[in-house]
Amino acid sequence: MIIGIDLGGTKLATALFSEEGKLLSNGVISLDGRGGEQVGQLITEQIKKIQGSDTQPRAIGVSIPGISHQKTGTVWAPNIPGWESYPLLDEIKKVSGTMPVSIDNDRACCMLGEMWRGNARGCKDAIYLSVGTGIGAGILIDGKILRGAHDIAGAVGWLALDKPFQQKYIQFGCFEYYASGDGIARLTRDILKNESGYNGVLKNISANSITAHHVFDAFENNDPIAIRVFDECIQYWGMAVANFISIFNPEKIIFGGGVFGPATRFIKDIQAEAAKWAQPISITQVSFEESGLHGDAA
């Protein structure tokens, strides 16, 4: 059996799998504002809990929302306070014994999951666009994950999709600022600040409390602000995907993460937007699909 751990910006998911990929058990824990060593300790506590449940796991795989430095075992995760160069591998080895441990970024893990058990089976060139608290892309080129010279390839939240540059893009990047899960909430707050005469459901929610869930709920009720927000997000998602298609000529674009999810209803609209921008032959050769593994891909 194999332990799978998926750390997100707000929660930690754990699972026990057979080597064939059968899910045997799983659980989810909220981070509740934890940062630094507290998150590392939470991960090791869950490993010890699984080890103490009469199981004999053979390996541990960990997905993290940022950069996993393969040479040092340290990780960088912008949504986890105190994880600028966190020694996660050393932390896990304190409890893993002789078991092999593999740590990778969530975008690569999602792509690998889809290759193994999801909608990228049989693909050699595909891209997994993960939109959750942040945004990343798992990029499959000729059957191999593209990692880059320093393990940072796929950090597409920093795609420049607007001008001029603004200081608010520094932490997240332009694309992520507007079109991630947190970005949906940020964009909604920005619009509400400048909107007079609006009396929809979002007006009754404290600006600092608005989440993407609120905006999706408002969209279900034809709220004009929510419709405007998702019209803008569709443009950003479509522009980004068009760039992927023009650069990489993939067989598939797979949409996943917590936002896709409820945003899968927009995939055809994203495809139509991408068609305006992408290389005209390549756009006709790619399929747009939702994740086959949904929240379990990483």
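The table below gives the values:
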read-out: Residues of region 209-237 that turn out to be closer than 16 Å to Thr133 by Cα and surrounded by fewer than 16 Cβ atoms within 10 Å (Cβ to Cβ), as a count; value: 3
read-out: Residue match in region 190-207 (condition: of a type in the set (Ser, Thr, Tyr) and part of a helix (DSSP H, G or I)); value: no
read-out: Candidates Thr14, Thr10, Thr44, filtered to the one that is closer than 19 Å to Thr133 by Cα and in contact with a helix residue (DSSP H, G or I) (Cβ under 6 Å, 6 or more places away or on another chain); value: Thr14
read-out: Out of Ala207, Ala297, sole residue that is in contact with a Cys (Cβ under 7 Å, 6 or more places away or on another chain) and modelled with pLDDT under 95; value: Ala297
read-out: Selection status of Ile145, touching a residue at least 40 places away in the same chain (Cβ under 8 Å) and aliphatic (A, V, I, L, M); value: no
read-out: Residue in region 190-202 that is in contact with a helix residue (DSSP H, G or I) (Cβ under 8 Å, 6 or more places away or on another chain) and closer than 20 Å to Cys110 by Cβ present; value: no
read-out: Subset tally (residues that are within 22 Å of the chain's Cα centre (by Cα) and either open to solvent by less than 30 Å² (accessible area, probe 1.4 Å) or polar (S, T, N, Q) (or both)) for region 1-27; value: 15
read-out: Selected residue (criterion: most open to solvent (accessible area, probe 1.4 Å)) from residues of region 83-111 that are closer than 19 Å to Gly154 by Cβ and outside any helix (DSSP H, G or I); value: Ser102
read-out: Subset of region 112-136 that is hydrophobic (A, V, I, L, M, F, W, C) and open to solvent by 30 Å² or more (accessible area, probe 1.4 Å) - its residue that is nearest to Thr74 (Cα to Cα); value: Leu112
read-out: One residue from Ala240, Ala274 being in a helix (DSSP H, G or I), crowded, with 22+ Cβ neighbours inside 10 Å, modelled with pLDDT of 95 or more and within 16 Å of the chain's Cα centre (by Cα); value: Ala240
read-out: Contacts under 8 angstrom Cβ, first residue in region 277-298 being in contact (Cβ under 8 Å) with a residue 60 or more places away in the chain, partner among the aliphatic types (A, V, I, L, M) and open to solvent by 30 Å² or more (accessible area, probe 1.4 Å), 6 or more apart; value: Asp296/Leu23
read-out: Conditions (1) in a loop (DSSP other than H, G, I, E, B); (2) surrounded by fewer than 17 Cβ atoms within 10 Å (Cβ to Cβ): number failed by Glu37; value: (1)
read-out: Top-ranked residue in region 243-260 [being open to solvent by less than 40 Å² (accessible area, probe 1.4 Å) and in a loop (DSSP other than H, G, I, E, B); ranked as farthest from Gly157 (Cα to Cα)]; value: Pro250
read-out: Counted residues, region 55-80 - those being within 19 Å of Thr14 (Cβ to Cβ) and open to solvent by 10 Å² or more (accessible area, probe 1.4 Å); value: 8
read-out: Residue check for Leu31: within 18 Å of Ala298 (Cα to Cα) and without any contact (Cβ under 8 Å) to a residue 60 or more places away in the chain; value: yes
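The values are calculated or read from the model by the stated rules, or taken from the named source; none is laboratory data. Keep in mind that this is a model prediction, so the values were computed, not measured. Reconstructed Cβ throughout: ideal geometry from the backbone, glycine too, with neighbour counts over all protein chains shown. Calculation scope for accessible area: heavy atoms of the full protein, side chains included, ligands and nucleic acids excluded. Shrake-Rupley method; radii C 1.70, N 1.55, O 1.52, S 1.80 Å.
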